[in-house]
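See below for the structure under consideration.
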Amino acid sequence: MRPIDDMLRSAQGKTRFHMPGHKGRLEAVPAALDMTELPSTDDLYAPQAGIAEAERLLARSAGAGASILVPCGSTAGILAMVLAFVRPGGRLLMRRDAHHSVQSACILADVEPVLLPPGADMAAAAKEIPCDAVFVTRPTFHGLVEPLPRADVPVLVDAAHGAHFSWWDSPESALRAGADCAVESAHKTLGAYTGGAWLHLRRAGDEPRLRRMLRMVSTSSPSFLILRSLDEARAFMDEHGREALARLVNWCDGARAKLEKMGYPCPSLGDPTRLYIRTDSMGLRGWEALARLAELGVEMEMADERGVVAIGTVYDRAEDYAALTDAFARLRPGAGKLPAFPEMAYGVRAMRPRAAALGKTRLVPLEDAAGEVAARAVGAYPPGCAAAAPGERLTKACVDVLLASRALGATLFGAEGGLIEVADTKNEGENGDV
């Protein structure tokens, strides 16, 4: 029996508007190329040969002082960034809708997250709130691209969804927009294998410490197949990226216009290759539309209460967009106007994240979690934003929103099986000053 192979083969045959960015259209790679660190190959953590040259070429394409290949995904890149740029006991300024991996980074680095509401003015906050670094998501999961704040401290960017930005003029890549360090998931929008990402640095002098931190949070046996795919993705974009992106933008613009005529608003939020298609105007929650589109042969990347998201990449074809708009033409509208979705609510800081996450914990049903202190980030996935961060007390409003999201089709992380892990403050007393 080969259940994973069976699972993956049964998932074929649909139009892909989800990651990985290669959309299943890469050529097969010989198993002989799956190698390890040898005198004839190279070492990711002390590169001298092929990896070093690949990183030099990548840095040139990105306009970076230095670049590092990351075969363990943007999550590893985010962990390494925070460890490299924020010392233990420091403060990291970020919005609450940052990916939950940055919460893990704060735990590992013993850093205090300063959490702002989604949509908060990061530039103003960076001037007013003492911090050791600023963390920004750009672009967002929905394709929103905002200016980066100017700050007297390092600006760290989760640019996981913007790996393709280096090969056009606008919107600018995170590094060209002013980031000190940025991580990009080449597997999301380019032709790298899943888990393939890269880090870019403004200053080459920051590279040794960042690489050392990356080694601490990554495998000691990096996949040479993923490393190879990262180099292949960069080479393809160097050779064909600008024309391929121009073609992709035309397809996305055409699909956007057709969807608008059908009654599905599809605003461009900055990245012209990302389609956020609103279905609530037609009486459909995004989660419901996601399931119906899959039945019609089109798999989307993610959904929220208002719509669905399609990832466009340079590996798409014209027929993919014809299939997308055809599926929406056949999508049955919902019955009447949707009731208002609950306003998002968040936890309230009660303990240091590290103390809550690494101390003694217990499991409680999510329904009974109001008043407890979260030991893990908990929220709806996708997109993976934490409603309650480690060390925050769950309010009743926060729990109610999570339960409502789950009831409407969202998958919750940090509450698998209906249980949430909380700090065992009843037995040990609350510790870890905020």
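The values are calculated or read from the model by the stated rules, or taken from the named source; none is laboratory data. A quick note: this is a predicted structure, and the numbers were derived from the prediction, not measured. Using ideal geometry, Cβ is built from the backbone for each residue, glycine included, and neighbour counts are taken over all protein chains shown. Note: areas computed on protein heavy atoms with side chains; ligands, DNA, RNA excluded. Shrake-Rupley method; radii C 1.70, N 1.55, O 1.52, S 1.80 Å.
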Between H142, H164, H240, which gets the highest mean-square fluctuation from a Gaussian network model of the chain, Cα cutoff 10 Å? H240
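So, with +1 on the Cβ of K and R and -1 on the Cβ of D and E, and no other charges, what is the size of the charge dipole of the chain about its Cα centre, to the nearest 20 debye? If you can, show how the numbers build up before the last one.
Working: 49 positive and 55 negative charges, 92 e Å.
The dipole of the chain has a size of about 440 debye.
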Label point 7 Å out from T194 along Cα-to-Cβ: which residues of the stretch 64-91 have amide N under 20 Å? 70-78
Residue farthest toward the positive end of the dipole of the chain, with Cβ of Lys/Arg at +1 and Asp/Glu at -1: which of L358, V82, T140? T140
Full extension between A294 and A49 adds, at 0.36 nm per residue less the Cα distance, a length in nm of 83.7 nm
The chain, helix-only ellipticity at 222 nm - DSSP H runs n ≥ 4, -39,500 (n - 2.57), divided by all residues, nearest 500: -10500 deg cm²/dmol
Given Cβ charges of +1 for Lys and Arg and -1 for Asp and Glu, the option among L190, G371, S173 whose Cα lies farthest towards the positive end of the dipole of the chain is G371
Unit charges at the beta carbon, dipole of the chain: most positive-side option, P208, G162, A380: A380
Could you check how much of the accessible area of the chain is carbon and sulfur, as a whole percent, using a 1.4 Å probe? 53 percent
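Where does the charge balance sit around S170 when Lys and Arg score +1, Asp and Glu -1, over other residues with C-beta under 12 Å from its C-beta? Numbers along the way, then the final one.
On the way: positive: R176; negative: D169, E172, D271.
Neighbourhood net charge equals -2.
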Under a crude label model (7 Å from the Cα following the beta-carbon direction), how far is H240 from M35 in nanometres? 2.6 nm
Dipole magnitude of the stretch 226-356, debye to nearest 20 (Cβ charges: Lys/Arg +1, Asp/Glu -1, about Cα centre): 560 debye
Net charge near A369, counting Lys/Arg +1 and Asp/Glu -1 over other residues with Cβ under 15 Å of its Cβ? -2
Excluding same-chain residues fewer than 8 positions from K188, which lysines have a Cα within less than 16 Å of its Cα? K23
Which GluC sites (Glu not before Pro) in the stretch 264-333 pass both tests, a DSSP loop state and at most 13 other beta-carbon atoms within 10 Å? none
Treating cross-link reach as a plain straight distance, find the lysines whose alpha-carbon is under 21 Å from the alpha-carbon of K337, omitting any fewer than eight places away in the same chain. K261
